[in-house]
1. Being out of contact with any Ser or Thr (no Cβ under 8 Å at 6 or more places or on another chain), of a type in the set (Gly, Ala, Ser) and either within 27 Å of residue 122 (Cα to Cα) or modelled with pLDDT under 90 (or both) is true for just one of 38, 96, 66, 30. Which residue is that?
2. Name the single residue that is nearest to residue 86 (Cα to Cα) among those in region 123-142 being buried (at least 18 other Cβ atoms within 10 Å of the Cβ) and hydrophobic (A, V, I, L, M, F, W, C).
3. Exactly one condition in (1) within 26 Å of residue 101 (Cα to Cα); (2) touching a residue at least 24 places away in the same chain (Cβ under 8 Å); (3) not polar (S, T, N, Q) is not met by residue 203; state its number.
4. Identify all residues within region 193-217 that are surrounded by 13 or more Cβ atoms within 10 Å (Cβ to Cβ), over 15 Å from the mean Cα position of the chain (by Cα) and more than 25 Å from residue 92 (Cα to Cα); write none if there are none.
5. Can you tell me which residues in region 182-201 are out of contact with any Pro (no Cβ under 8 Å at 6 or more places or on another chain) and either at pLDDT below 95 or within 18 Å of residue 11 (Cα to Cα) (or both)?
6. Since residue 107 meets every condition but one in (1) among the small types (Gly, Ala, Ser); (2) in a helix (DSSP H, G or I); (3) in contact with a Gly (Cβ under 8 Å, 6 or more places away or on another chain), which condition does it not meet?
7. Answer yes if at least one residue in region 25-39 is surrounded by fewer than 15 Cβ atoms within 10 Å (Cβ to Cβ) and either in contact with a Cys (Cβ under 7 Å, 6 or more places away or on another chain) or closer than 16 Å to residue 114 by Cβ (or both), and no otherwise.
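The values are calculated or read from the model by the stated rules, or taken from the named source; none is laboratory data. Since we're looking at a predicted model, the values are computed, not measured. Glycine also receives a Cβ, built like all others from the backbone with ideal geometry; neighbour counts cover every protein chain displayed.
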Amino acid sequence: MRPAAVLFDCDGVIVDSETPTTLLLIEDLARHGLVLTAEELESSYMGGTIETVAQRVRAGGTPLPADWTPRFYDRMYAVLEAGVPLIPGILTVFDALDAAGIPYAVGSNGTPHKMQITLGQHGLTGRFRATLSGQAIGRPKPAPDLYLAAAAACGADPARCVVIEDSPSGARAALEAGIRCLGYAGHGPQAPAARGLAALGVPLFDDMAALPGLLSL
């Protein structure tokens, strides 16, 4: 069934900002005594916000400075400003939605400034009905509020929308909101996030070229 609106996560779905952020986190946390692989970081610490990463790290016994979070944000913004690539095929998806007259919006746990950097450098900020931050509204994923607000911004019944996510936390937000979810497994079905999506019963796809067909466009 063709959706009334499509609601996209940002990091890892529209722009590949997760790769440089993950590398930066691994480097930074190692400096504070917590040595992690990318898979360990993704499995145990990602899926929320930088604030929740800090909370989980401290809860696990690794001390972080009181100002770690704002200092990390400053470093992350500088890395992202140097350039992040688009997810291959995502512009074709947006073009297909435009041609079909279907509105679309972004719902991300990232800060508004982060999305201004990553989406803005590709001239995308004006393409969406809304670009919403879970941090800005005070209810980040896995709370459903962000995707309910994105559906409202598109003037669409949540039950007739589709969310495109790459994390279990985001998928839980969509499902809690009563919105159908498709899981983008850009790193393959065995990546921790993809396994988490599959465990929630979310159908997976690994190529954005397949998405227009999955949306009946």
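1. Answer to the selection: 96.
2. The qualifying residue nearest to residue 86 (Cα to Cα) is 124.
3. Condition (2) is where residue 203 drops out.
4. Residues satisfying the conditions are 195, 198, 200.
5. Within region 182-201, 184, 185, 186, 187, 188, 189, 190, 191, 192, 194 meet the criteria.
6. Residue 107 satisfies all of (1) among the small types (Gly, Ala, Ser); (2) in a helix (DSSP H, G or I); (3) in contact with a Gly (Cβ under 8 Å, 6 or more places away or on another chain) except (2).
7. no
Okay, residues lined up against (1) of a type outside the set (D, E, K, R); (2) more than 25 Å from residue 77 (Cβ to Cβ):
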residue: 120; (1), (2): yes, no
residue: 126; (1), (2): yes, no
residue: 138; (1), (2): yes, no
residue: 146; (1), (2): yes, no
residue: 150; (1), (2): yes, no
residue: 162; (1), (2): yes, yes
residue: 177; (1), (2): yes, yes
residue: 180; (1), (2): no, yes
residue: 198; (1), (2): yes, yes
